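Inspection log for the structure reproduced underneath, given as structure tokens.
The values are calculated or read from the model by the stated rules, or taken from the named source; none is laboratory data. This one's a predicted model, so the numbers in the text were calculated from it and none came from an experiment. Note that each Cβ is placed from the backbone with ideal geometry, even for glycine, and that neighbours are counted across all protein chains shown.
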Amino acid sequence: MSRRAKFLAGGAIIVAAIAYLIYAGASQSIVYFVTPSELLAAPVAGKAYRLGGMVMPGSLRWEPRSLDLAFTLSDGKQQVPVRHKGTAPDLFGEGRGAVVEGRWSGDHFLASTILAKHSEEYKAPHDAQPGYQELLRTLRPGAGETRK
């Protein structure tokens, strides 16, 4: 084998390895989840899932002494009861989106992690809120400086 052929073969192996690492890294970082309808269509007890949906209003029950959290996730078609041991994220609440990681037990979902979805809309503070004008004043150039 000539020196040029060895160089090209080595380069092809390196390019293939880099392409594989990029593919593997990208596929692991993409967050996929199943909806309650998809989960209930073909549930497998004990299988790890990432389940996403809206927290049903009126379904949230929290026991602070035992850190038991129970709620129901829905996609508008099906509902799945979820149980979690621990505290929920700050943005978690009824009527909001959530993604939970855990296992299907056969009659409810045992969540090990809760990821709360946040709104993609930015809402600026209103003039009526206390401290708003003070905040604007401090953000202006030269705020806090005294003029002579």
Given (1) in a strand (DSSP E or B); (2) modelled with pLDDT under 90, THR138 misses just (1)
Find the residue count for the range 76-105, including only residues that are surrounded by 14 or more Cβ atoms within 10 Å (Cβ to Cβ) and either assigned to a strand (DSSP E or B) or hydroxyl-bearing (Ser, Thr, Tyr) (or both).
14
May I ask you to say which residue of THR72, THR35 is touching an Asp or Glu at 6+ places or on another chain (Cβ under 7 Å), of a type in the set (S, T, N, Q) and in contact (Cβ under 8 Å) with a residue 12 or more places away in the chain?
THR35
Sort through LEU39, LEU21, LEU51, LEU73 and tell me the only one that's touching a Leu at 6+ places or on another chain (Cβ under 7 Å), part of a helix (DSSP H, G or I) and either surrounded by 15 or more Cβ atoms within 10 Å (Cβ to Cβ) or modelled with pLDDT under 90 (or both).
LEU39
